[in-house]
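*Asks:* Below: one structure in structure tokens.
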Amino acid sequence: MRQTMEDGVSEVLSSVVEDIGEAVTRNISGAQILHELLSAPWLHALLKIYECLIQFQKMKPNPFLPYASGLSYEIMTLIQRAPHPSPEARELFGLLSSPHVQALLSSHDSVAQEDYLPVLPPLPDELPEDEEAMRIVCLVKNNQPLGATIRRDEETGEIYIARVIHGGLADRSGLLHPGDLIVEVNGNPVVGLEPAKVIRILTNSTGTILFKVIPNSTQVSSNQKPVYMRAMVDYCPRKDSSIPCPDAGMSFSRGDLLEVVDQSDAQWWQARKLPCGASFARLIPSASTLKSKQREHWWCQPLHVHTCMRPLASAASENEQTSGDDKSMTGEEQCVTAMLHTDMHQWWRLTALLPLFPQKWTTLKTLKLVDEADSDFTEGIYLAGFRRSFHVWKRTSFKKRRQSCSSCSPNSSAMATPYEEVVLYQRPPQENHRLIMLVGASGVGVNELRKRLIKLNPSTFQGPVPHTTRPMREGEQMGREYHFVTKELFEYMVCNHRFVEYGESKGHLYGTSFDSIDEVLKHGRMCIVDAESHSIPILRTRKLKPFVIFIKPPSPERLRQTRKNATILTNDAVSRPFTEEDFVEMEEVSRLIETKYKQFFDSVLVNDGLQDASMKLCSIIHQAQNEPQWIPVNWILSEEQ
């Protein structure tokens, strides 16, 4: 057959060469080149090699001898009997007697004889009916933990495998399972021993550990898919007295991403932190367990600020006093607040924090806001949301009720969901851009960064146009500076929850509506909002998919250095430098915002200089829009349903 294939290929090649030769005699263009190629000796040799490989591929290799080991023993016996073996014979004897060659020849004989199954001794004729199957498990322990926890039956004293940690040594072996009864460890009976003594035996063992276990007959195989969660609370296993094994526990902070690999236990899950640095999982409390723990300790946690405890009467008196001061002022839009010379601070940011710093109220009332010109165009596009009047309305509710305790209670926010299931999300090109939300303390530069970003590319970035009930002035246009509406319409929008935030200044209402945000997004632009931190839960919807960026002050030394030339203008137009008290307040407010809302932050930007911070902000926003990001899974599930 081989000769037939060779002859067939040679005949075809000869025929092609003859046809090409005839073409050359007729001066056909290109025929000479093809003739030289097909006549090349290397092409002929290559075709022969190819044919041989094809033939070899079809051949089934068979051993020449099924007893190579026996033949090697015969050869070594002959060499030993020789009176004066040659150096070559002695070298051959050394090779054949080496353990590696002996093992190779033994494996060759097993394959040649197709002897793959081990020879097992026959089972006894009579076995007791109550005899339980005993399993001998051999594990090699290195510097890593065993990856299993044990428990003791107080009535019988028996030691059981309580749980097997995902990714640990025991889990990878597949030989130990929850519920298995441990009889011996390295020949030491463990029935009746305290768990601490068993752990000591395992800890002191090095190298090979030999277990004798009786498998759990009710064992159920579980192939759970990993579930990804964002932690909404902090947890430390060392402070939890109810955790089965503190050494196997994992601490986490709000905002950490967790890969939950096992939820079979109703009280304790197994999880890893992302990005994953450990091969094995650790214990964390389940959602129900953690929720009950947080409710128990909620009211004794010192960092939770209950602004709802502010008396209603004091808020009303402040509003009345402010209104009286406004009447005595002159000018278009006067107010009682302070600002940096290079960065406008929004009035509602300060009033929202007055309950935390009541000693500042007297000082703040004596100050006056100074801003740039009302009109602000860049490349012919009006920058909405930066009018002086918009930034002076007070951040109080329309009916001047005190803040509800719902934002502080354990039944809302993080306490309702100690874990938030998340999924990686890549924005499709046909979808609207994600809402970009900047939050931070007053004075840290949130508004200035937002304005610089929009000025950089106003055709891409835009802020929402606010709503107001004040009359339209000369030179203003509907939908440019404001959406001018009646008081009745504004109240209707408030009652229907159409505003992200709203307030009052000099008898006029101002607010940022969801409709204004949607309008920017529908036009294919990225909407940049600068809202209060307590507005984050309101904006976290499937439709907007907000990307929250926390603007954080730099180190204390850098903060004072970058703002050493900043000034505050008083009501008498007298400027004064930023005081140490102002720096301390900014750092304290930033700490409080991060303490309460850290779990909602998608990114943190340290503003240690407007130029560098603006460039970093552009990079963060680009990643938010074009790279996969973790978002709540219900934002995706709602779309699919």
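What follows is calculated from the coordinates using simple rules that are stated; it is not laboratory data. Treat the numbers as computed from the prediction; the structure is a model and nothing was measured. Here the Cβ positions follow ideal geometry from the backbone for every residue, glycine too, while neighbour counts run over all protein chains shown.
*Asks:* Pull out the extension gain between SER251 and ARG560, defined as 0.36 nm times the separation in residues minus the alpha carbon to alpha carbon distance; nm, one decimal. Display every interim value, and only then the final one.
*Replies:* Numbers: separation 309, 0.36 × 309 = 111.24 nm, distance 3.46 nm.
Contour length minus Cα-Cα distance gives 107.8 nm.
*Asks:* Within a 10 angstrom radius of the beta carbon, how do HIS84, HIS483, HIS622, HIS508 rank from fewest other beta carbons to most?
*Replies:* Details: HIS84 5, HIS483 20, HIS622 11, HIS508 15.
Arranged by neighbour count, lowest to highest, HIS84, HIS483, HIS622, HIS508 become HIS84, HIS622, HIS508, HIS483.
*Asks:* A follow-up question, please. What FRET efficiency comes out for the pair LEU95/LEU274, r = Cβ-Cβ distance, R0 = 60 Å, nearest 0.05?
*Replies:* Numbers: r = 54 Å, r/R0 = 0.90.
That pair, LEU95 with LEU274, gives E of 0.65.
*Asks:* For GLN144 and SER292, what does the FRET efficiency come to when R0 = 30 Å and r is the distance between their Cβ atoms, rounded to the nearest 0.05? Spell out each step's value before the answer.
*Replies:* Numbers: r = 33 Å, r/R0 = 1.10.
It comes out at approximately 0.35.
*Asks:* Between ALA82 and MET472, what is the label-point separation in nm under the 7 Å Cα-to-beta-carbon projection?
*Replies:* My value for the distance between the label points is 11.5 nm.
*Asks:* Please report ARG591, ARG163 as a ranked list, fewest other C-beta atoms within 10 angstrom at the top and most at the bottom. Let's see the in-between values first.
*Replies:* Details: ARG591 14, ARG163 24.
Placing the least packed residue first, the sequence is ARG591, ARG163.
*Asks:* For an R0 of 22 angstrom, estimate the FRET efficiency from the Cβ-Cβ distance between LYS543 and GLU588 and round to the nearest 0.05. Don't skip to the answer; put the middle values down first.
*Replies:* Details: r = 35 Å, r/R0 = 1.58.
Step by step, r from the Cβ atoms, then E = 0.05.
*Asks:* What's the extension gain from ALA266 to LEU47 if we count 0.36 nm per residue and subtract their Cα-Cα distance? The partial results should precede the final answer.
*Replies:* Values: separation 219, 0.36 × 219 = 78.84 nm, distance 6.81 nm.
The span from ALA266 to LEU47 would gain 72.0 nm if fully extended.
*Asks:* Next question. Rounded, prolate or oblate for the stretch 68-112? Axes are the square roots of the Cα gyration tensor eigenvalues, ordered a ≥ b ≥ c, and the cut-off for rounded is a/c under 1.5.
*Replies:* Values: a/c = 3.72, a/b = 2.09, b/c = 1.77.
Prolate shape, in that a/c is at least 1.5 and a/b is the bigger ratio.
*Asks:* Still on this structure, I have one more. Sorted from fewest to most neighbouring beta carbons within 10 Å, what does the list LEU92, LEU65 look like?
*Replies:* On the way: LEU92 16, LEU65 12.
Listing LEU92, LEU65 from fewest to most nearby Cβ atoms yields LEU65, LEU92.
*Asks:* Sequence-distant or interchain residues sharing an amide H contact under 5 Å with ASN607, placed H: which?
*Replies:* Amide H neighbours of ASN607, under 5 Å, 5+ apart: LYS552.
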